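Single-structure report; data block below.
Bear in mind that the values in this text are calculations on the coordinates, not laboratory data. As the structure is a prediction and not an experimental result, all values here were calculated from the model. Neighbour counts run over all protein chains shown; Cβ positions are idealised from the backbone, glycine included.
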Ligand SMILES: NC(=O)c1ccc[n+]([C@@H]2O[C@H](COP(=O)([O-])OP(=O)(O)OC[C@H]3O[C@@H](n4cnc5c(N)ncnc54)[C@H](OP(=O)(O)O)[C@@H]3O)[C@@H](O)[C@H]2O)c1
């Protein structure tokens with residue numbers, strides 16, 4: 001399998017993604033979408049990988065860690081041990097190298113980058129970037145963590161896995177968008 005990075009993020013109108021180590025909103029169906037997209041595989045013998053920065057890992061409540069039915073991979077400059085089920089790497093190229101080789105390569109179907117900010121940035125710049133699944137939350141939220149500068153050469157594409165049109169929960173509207181890099 002050639003490693004193709006799929007990024008998944010939700011950002012507010014002001015491109016905020018987090019505050020105080022948490023999401024700025026509670027949108028259950030949006031979270032279910034994240035879980036479905038990052039977990040579902042066509043081959044039942046395989047799992048997807050989820051790549052995240054050390055702070056995003058720390059933000060996940062203990063009871064949900066590691067994220068179920070996915071190979072959890074954490075980027076950190078430190079030598080950290082989160083148990084034998086969690087792969088820790090010191091750089092994205094190291095992680096991609098690991099994903100390209102046996103035994104991981106044989107058991108992984110898709111590779112999802114789930115944040116945070118700097119991990120999205122390096123993944124969008126990576127030659128292995130494939131797609132960005134971005135939920136546009138149509139409201140301004142106070143945030144301390146933001147999605148990186150949006151590349152000029154990204155174009156909207158269709159994806160049959162993604163619900164179309166405006167979604168709404170708790171009076172908050174949002175829309176799923178999918179981007180690829182224009183060649
Ligand atoms: N809305 C969304 O879709 C979404 C998604 C994810 C997260 N979030 C939110 O975003 C916040 C957390 O994200 P964040 O941006 O603060 O942190 P983050 O990107 O998750 O983690 C940053 C850490 O990752 C490591 N790292 C970063 N770049 C690296 C590289 N090139 N090589 C190796 N390690 C690297 C470093 O760990 P060390 O310091 O250990 O070296 C760095 O401190 C939370 O509020 C969370 O809820 C929102």
request  = For the chain, with a Gaussian network of springs between Cα atoms less than 10 Å apart, report the residue from 162, 137, 74 with the top mean-square fluctuation.
outcome  = 162
note = Counted neighbours (other Cβ, 10 Å), sorted fewest up, put 22, 84 in the order 84, 22
inquiry  = At 7 Å along Cα-to-Cβ for each site, give me the label-to-label distance between residue 138 and residue 85 in nm.
reply    = 3.9
request  = Using DSSP, restrict attention to beta bridges with both residues in the chain and report what percent are antiparallel, rounded to the nearest 5.
outcome  = 40
query = Taking the chain as a Gaussian network, Cα atoms linked when under 10 Å apart, which of 66, 148, 103 shows the biggest mean-square fluctuation?
reply = 103
request  = Please work out the FRET efficiency for the pair residue 44 and residue 175, using the Cβ-Cβ distance as r and a Förster radius of 35 Å; give the result to the nearest 0.05.
outcome  = 0.65
ask   = Given the options 57, 112, 25, which has the most mean-square fluctuation in a GNM of the chain, springs set between C-alpha atoms less than 10 angstrom apart?
value = 25
ask   = Using the alpha-carbon centroid of each, what span in Å lies between the stretch 145-183 and the stretch 34-53?
value = 19
note = Rounded to the nearest 10, the angle in degrees between the Cα long axis of helix 28-39 and the longest principal axis of the Cα atoms of the chain comes to 30
message = Give me the percent relative contact order of the chain, please, defined on Cα pairs under 8 angstrom at least 6 residues apart.
response = 33
note = For the stretch 1-50, the Kirkwood Rh over every pair of distinct alpha carbons, in Å, works out to 13.0
key: Alpha carbon convex hull of the stretch 58-183, volume per residue in cubic angstrom   = 161
message = Taking R0 as 25 Å, what FRET efficiency do you get between residue 160 and residue 98 from their Cβ-Cβ distance, rounded to the nearest 0.05?
response = 0.25
